[in-house]
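Scroll down for the structure; my scribbles are underneath it.
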Amino acid sequence: MSAAPALATGPLRIALVGSPNTGKTTLFNALTGSAARVGNYPGVTVERREGALVRARRDVRILDLPGTYCLEGETPDERVVADVLAGRIAGESIPDALLVVADATTLQRGLGLVREALKRGLPTMLVVTMIDEVKARGGKLDLLRLSRVLGVHVVGVVGHRGVGLDQLRSFLESPESWPQRAKLPPADDATQRFAWVDQTCQEIAAGALAPDSRTDRIDRVLLHPFAGVAIFALVMILLFQSIFSWAVPAMDAIDGAFGALAALSHEWLPEGWVTDLVADGIIAGVGSVLIFLPQILILFTFLHFLTDVGYMARAAFVVDRVMGWVGLQGRSFVPLLSCYACAVPGIMAARTIASPRERLATILVAPFMTCSARLPVYTLLIAAFVPATPLLGPIGVQGLTMFALYLLGALTALGSAALLNSTLLRGTVSVFYMELPPYRVPTLRLLARQVWGSASAFVKRAGTIILAASIVLWVLLNFPKAAEDPSLTAEAQAQANLRASAAARLGHAIEPVIAPLGFDWKIGVGIVASLAAREVIVATLAQIYAVGDPEDFGGLRDAIVNDVNPATGERLFTLPTALSLLVFFVFALQCTSTIVVMARETGSWKWPALAFTYMLGLAYVGSLTTYHVSRALLS
Amino acid sequence: MSTPLISLPPDRPARLCAPEPGREIPRRLQDLGFVPGTPLVIRRRAPLGDPVEIEIRGYRLCLRLAQLDTLHVEPLDGNGATPPRGTR
């Protein structure tokens, strides 16, 4: 036993180290009271984060690190661990102590990392998670004996139920008093390391667990060559249909509330530009995006549930072959799938991919995946122009159209990856390995917390980017005004004002470029505005129609359906125009945050510039084709 | 008698052998617990034939067929004691 090294003054920093999917983040959340994202999928945490230990008598900071199989990292997220432990992060010292996290069901592997950690010579203790699952599978685990054999503190916990946390907390307050075993010799290879692991397991008599029969039974169906693929497709189609059928009542309620709020503010506030800004700018703009909250909630509930239950890893297993054809791998699949929520975390999750080539390809095609910001645009246009004809049971034409758009995005991502693979990013396929975690039932509380975490990010965007864009747009749509003409009706005067506005001039200026796609100047303004964030187009159109017809603006959907060209008397928005606009949104990279994170993750502005140009080109050609083909078919 | 892991049928327990002379098990696989002497079972192939799901050290891992070429195994009988005769 060596003496404990002197601990630095100031807050005590303890790092959580463990293999992927051992429950580090669940433990981190329980210890610090945070709500960081967790999932039953290896590689959810890709960055380090710090939180203060709650209910502690001294200032203890817990560092949550990405999961790693060894302490000399290979992948970018594993290098984070190596850098933190070596004190290579600027402005941060080496952590004061290590809390190694091992999953009780996979101790035979997890102890390998304990061995690595013990070589560091830092105060170290072990926390064994998911001890309830060992019992459920007929095994037994003598933690006292393990502690004696290892010569360090060992605590067993069930993170999400809070079992064992009080004891762990009191240990974490005083790493100075942890027993320290002699520093293990640093030079050894994996064979020696696992010989030590096997010997340790024998000494504590931890026999093999009974196979997880529940997981076996479920996998026999979900990974069945035919049934598995069919179920995957069915789950996805149901998801998109449910977005339509279940969300409608809540959406109507929110829509009604914002409409009433706008009407009330016109009524109560004195007439003038401030009232107009509040009612037609802020309330119409922000409200038009916020009504999609119910759908976002349904989408996130599905995605988080599938991840937590352990299904996402299976999906990656099923599609790895397909990913291999285009030069990606199963590990690219989940970053791409998280892009269904938002491309920003998806692009960051690509850090779990070891090969730089495959990682770059994954990042570049990620924005093609249908993120939740596209959802408001898709829903608006589909609900307005695609008939709600039921097809089979709960599945209808609208849901299928939505599914087709998601599929188009995903297929384009794969096709683009294949293109990159045969042009800019040639090379050989790297090592692919991924754990298939046991199926686990997530607790309702955890699920609710995660869904709320994701949904509140959407609400925050509505309160920041969308709010700012709404105000800027309102100014552009209202100034300069046309000369007052007393001979005009109020509605005609409003239309004249709209035509004279800066936004309309901008829209008319770009109209020649977008007219071949079936778009008029209003959509043009929307597209320009949506370069900041996709859903801004919905806020923009809502404002344009609210400004143009302030008296009876009865909701955006009715407004675009009924909008007619005053010159010809024909409807402005037709099915071909709607389809063309949908396709444009499938392809175009209209998201400032994605561009910024892409530059950060690739270390260069060259790649986002390439992605933006490529995607815009594809969007233009795609929309042009869609518009003309669908017009020819429908006439 | 050692046989390439790739030719091991599903659900047949086996033990990992030392690699052929001059070859090495990739470092990453070693970190995951693939060291000579470790028991393992192939659970299944993915619906499209690749990758395979391997159970080793109490967890399940998927690997592509192309990565199995350094891995050789010795099939075990049901209780994992002695290798059966005449395996391949």
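Averaged over the residues of peptide A:225-234, the number of Cβ atoms from other protein chains lying within 10 Å of each residue's Cβ is 1. Sorted from longest to shortest, the spans of the Cα atoms of chain B along the three principal axes equal 33, 30, 24 Å. Taking a span of 24 Å or more along the helix axis (Cα atoms) and a mean Kyte-Doolittle hydropathy of at least 0.0 as the rule, the DSSP H helices of chain A that qualify are A:227-245, A:248-268, A:397-422, A:444-461, A:606-634. Please report the net charge: other residues with Cβ closer than 11 Å to the Cβ of A:Gly427, K and R +1, D and E -1. In short, +1. Taking packing as the residue-averaged number of other Cβ atoms within 10 angstrom, the listed peptides A:284-295, A:388-399 run from highest to lowest as A:284-295, A:388-399. Peptide A:318-324 is shielded by partner chain Cβ atoms: per residue, an average of 4 of them sit within 10 Å of its Cβ.
Per residue, the average separation of C-alpha pairs within less than 8 Å and at least 6 apart gives chain A a relative contact order of 12 percent. Ranked by the mean number of other Cβ atoms within 10 Å of their residues, highest first, the peptides A:228-234, A:125-131, A:463-469 come out as A:125-131, A:463-469, A:228-234. Distance from the Cα centroid of region A:571-623 to that of region A:207-266 is 27 Å (rounded to whole angstrom). Legend: mean number of C-beta atoms from other chains within 10 angstrom of residue C-beta atoms, peptide B:38-46, equals 4. With contacts taken as Cα pairs under 8 Å at a separation of at least 6 residues, region B:3-75 carries a relative contact order of 43 percent. Using the average count of surrounding beta-carbon atoms within 10 Å as a protection proxy, the listed peptides B:27-35, A:412-420 rank, highest first, as B:27-35, A:412-420.
With both residues required to sit in chain A, DSSP beta bridges show an antiparallel share near 30%.
Rounded to the nearest 5, what is the percent of antiparallel bridges among the DSSP beta bridges in region A:97-245? Antiparallel bridges: around 10 percent, rounded to the nearest 5. The residues packed around A:Asp77, meaning those with a beta-carbon under 9 Å from its beta-carbon, carry a net charge of 0 if Lys and Arg are +1 and Asp and Glu are -1. Around A:Ala533, with a cut-off of 15 angstrom between Cβ atoms, what is the net charge of the other residues, counting Lys and Arg +1 and Asp and Glu -1? Every neighbour counted, the sum reads +3.
Where a number appears in this text, it was derived from the coordinates with a stated rule and is not lab data. Not measured: the values here are computed from a predicted model. With ideal geometry, Cβ positions are generated from the backbone for all residues, glycine too; neighbour counts draw on all protein chains shown.
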